[in-house]
Each structure stands twice: as C-alpha cells, then as structure tokens.
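To start, the structure under review is shown below, and the notes come after it.
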Amino acid sequence: MKGVILAAGYGTRLLPVTKTVPKELLPLVDTPAIQMIVEEFVRSGVQEILIVTNRRKKALEDYFDREIELEASLKAKRRKDLLAKLEPPKASITFVRQKEMLGTADALLCCESFVGKEAFVAAHPDDVVLSRAPLTRTLIRAHKKTGKTVLSLFRCEESELDHLALVDADFRKDPVRVRRIVEKPGRDNAPSRYGVLGRYLFTREIFPAIRACWDDVPDPEVVQPRAINRLAARGRVMAKISRDERLDVGKPLGYLKAITRVALSRPELAGPFREYLRSVL
C-alpha cells in the first residue's frame, strides 16, 4: 500500500518561524514531525510515499535527500552513532507540488496518478500520535476487513468541541460505522465527542466524490469532509477509535506539549529534563 503526506499548508498558526521554515521540519527534540509520520508509515508496511508540498517548501525535499559530504566526514571520524541518525527511511519518497492552495481535497487530487487503482493511507503531519503500535497499521487492518474507507477518531476535550470536525456514527461495532462528519458544530450541537484525527485510509472512491462536491461548495476547505459524507451516505466509511495520545504540533501549545512528551520518552533525557521542569515550575 502507498502513503501520502499532506504537507502543503502555510503553517500560519506558527508564524513567524513558518515564513521560512516548513512547520513539518520543526524539531520535536531532534526529529521533525514529518519524519515521525514517515517512520509510522514504514512500520506499517508502506514502502512508497508521496509528500505534497508547495513551492516554498523545498527544504522538505532537501531533508529527505542524502547529505553525501556530511556522511563522508562522519565516516572518516568513525562517528557511527551520528551516521545512524542520517540513514534514509526504508521507503521510496517522492514529491509533488500543489500549484494552488485550494485545501486538502485539491491536495488529494494531486496524488491520484501516484496511488493508481489501490487504496492508500494519508496523513496530516500536524497530528503526532504517541503509540507503541503504529496507527496507520490499525487502519490498514480495518480496511482489509471491510474494504472501505477508514477514518481515525479521537475523543475530544470539552474545549475542542467548538473548533473541530466531529463524527455522527454508530459506535456499537468495531470498526465504527460513520454516518457523517459535522464541521465545527459547537458543543451544544455536537453529534458525539469524537473528532477526526489526521490519519485516513481512502479507497479510490474519494477522487470522484471530491469532484462531485467541488462545484457545490464555495470553501475549498470543506470539500474533503463533504466528499467523505457522500461515501458515508452509501455506507462506505468506517472508523477506528485511537486511544493513544494525540498532539497537535501545528499550534504553539500543542507543539510545546509534543516536545515535552518526546523528551520525557527518551531515556537519556527524561531524568535531567524532569529535574529542569521541577526547577522552573
């Protein structure tokens, strides 16, 4: 199965740094979120990955390229520890540029020729999921069981209900059967407490569904959920609920939380970092 990473966004919530540095390359200690997504894909058996970017994000292509001179220098110094950090992912990674910033649905259309006739997984690098078992693998297994599009859901905090897309679904079975996605309904009209996490497994049905919605929706950002709803109306959308910790690294507080959680998960950093946190709190 192939994978797609949707990385063309402006990253406005993290300005001014994202004016020149892609938000996907901001480090979580020493590893950017996009590399964590690539590693999740690889651990799930995905060996071909397409990253959708824009003309301002050539740094993403440079990041996944070989650094021959640096590798030679480290090899001469016998720094095997640092060379290991430069090993390329065990996957083929290619890039395509979204010509106009027309939202996630248009970015998905940029991937149509790449994925061919098969189902594919897609990810937003904003959502980092801290889990032992890769979330993408869970979606692939659910698709093999159902043959349908599979979303990933997480339980929202009370404060998030006014700002996120929530799902109306039949939660009595696993996988969950999705009836529809409701865009930012507000807590008083929330169909559930579950929001859509930035991991998807789409069948090829998503492409004609996007095209069918495009002319009817004035805002490109809502084309993707409307397209998913078209499939859901035919019983073609399922979901898996993630119980793992989800961090939104696309906004300042979520980014700080992610750095903290990643640092505390590293044995060589956890002790000293905890001591530092105690000293400043």
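The values are calculated or read from the model by the stated rules, or taken from the named source; none is laboratory data. What you see is a predicted model, and the numbers here were worked out from it, not measured in a lab. Don't worry about glycine lacking a Cβ; one is built from the backbone with ideal geometry, like all the others, and counts go over all protein chains shown.
The table for this structure:
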quantity	calculated
Subset of the stretch 5-44 (residues that are within 16 Å of ALA107 (Cβ to Cβ), buried (at least 20 other Cβ atoms within 10 Å of the Cβ) and not acidic (Asp, Glu))	ILE5, LEU6, ALA7, ALA8, GLY9, GLY11, PRO22, LYS23, ILE34, ILE37
Any pair with Cβ under 6 angstrom, 6 or more apart, that starts in the stretch 17-35 at a residue that is closer than 18 Å to GLY3 by Cβ and ends at one that is among the β-branched types (Val, Ile, Thr) and assigned to a loop (DSSP other than H, G, I, E, B)	ALA33/VAL249
Of all residues making up the stretch 106-115, the number that are within 19 Å of LYS57 (Cβ to Cβ), out of contact with any Leu (no Cβ under 6 Å at 6 or more places or on another chain) and buried (at least 21 other Cβ atoms within 10 Å of the Cβ)	1
Long-range neighbours under 8 Å by Cβ, at least six apart or interchain, first residue among the small types (Gly, Ala, Ser) within the stretch 261-281, second modelled with pLDDT of 95 or more and exposed (fewer than 11 other Cβ atoms within 10 Å of the Cβ)	none
Qualifying residue in the stretch 102-116 (condition: touching a strand residue (DSSP E or B) at 6+ places or on another chain (Cβ under 9 Å), at positive phi and not aliphatic (A, V, I, L, M))	yes
Only one of VAL262, VAL249 that is of a type in the set (A, V, I, L, M, F, W, C), buried (at least 19 other Cβ atoms within 10 Å of the Cβ), modelled with pLDDT under 95 and out of contact with any helix residue (DSSP H, G or I) (no Cβ under 8 Å at 6 or more places or on another chain)	VAL262
Test: residue in the stretch 131-150 that is touching a residue at least 60 places away in the same chain (Cβ under 8 Å), closer than 25 Å to LEU26 by Cα and touching a strand residue (DSSP E or B) at 6+ places or on another chain (Cβ under 6 Å)	yes
Residue match in the stretch 180-187 (condition: of a type outside the set (S, T, N, Q), within 30 Å of CYS111 (Cα to Cα) and touching a residue at least 60 places away in the same chain (Cβ under 8 Å))	no
Residue in the stretch 1-14 that is in a helix (DSSP H, G or I), more than 21 Å from LEU256 (Cα to Cα) and either at pLDDT 95 or above or over 16 Å from the mean Cα position of the chain (by Cα) (or both) present	no
Residue match in the stretch 223-237 (condition: part of a strand (DSSP E or B), buried (at least 17 other Cβ atoms within 10 Å of the Cβ) and over 18 Å from the mean Cα position of the chain (by Cα))	yes
Qualifying residue in the stretch 64-79 (condition: loosely packed, with under 13 Cβ neighbours inside 10 Å, under 25 Å from ARG246 (Cβ atoms) and either over 15 Å from the mean Cα position of the chain (by Cα) or not aliphatic (A, V, I, L, M) (or both))	no
Residue within the stretch 81-92 that is surrounded by fewer than 11 Cβ atoms within 10 Å (Cβ to Cβ), without any contact (Cβ under 8 Å) to a residue 12 or more places away in the chain, among the charged types (D, E, K, R) and at positive phi present	no
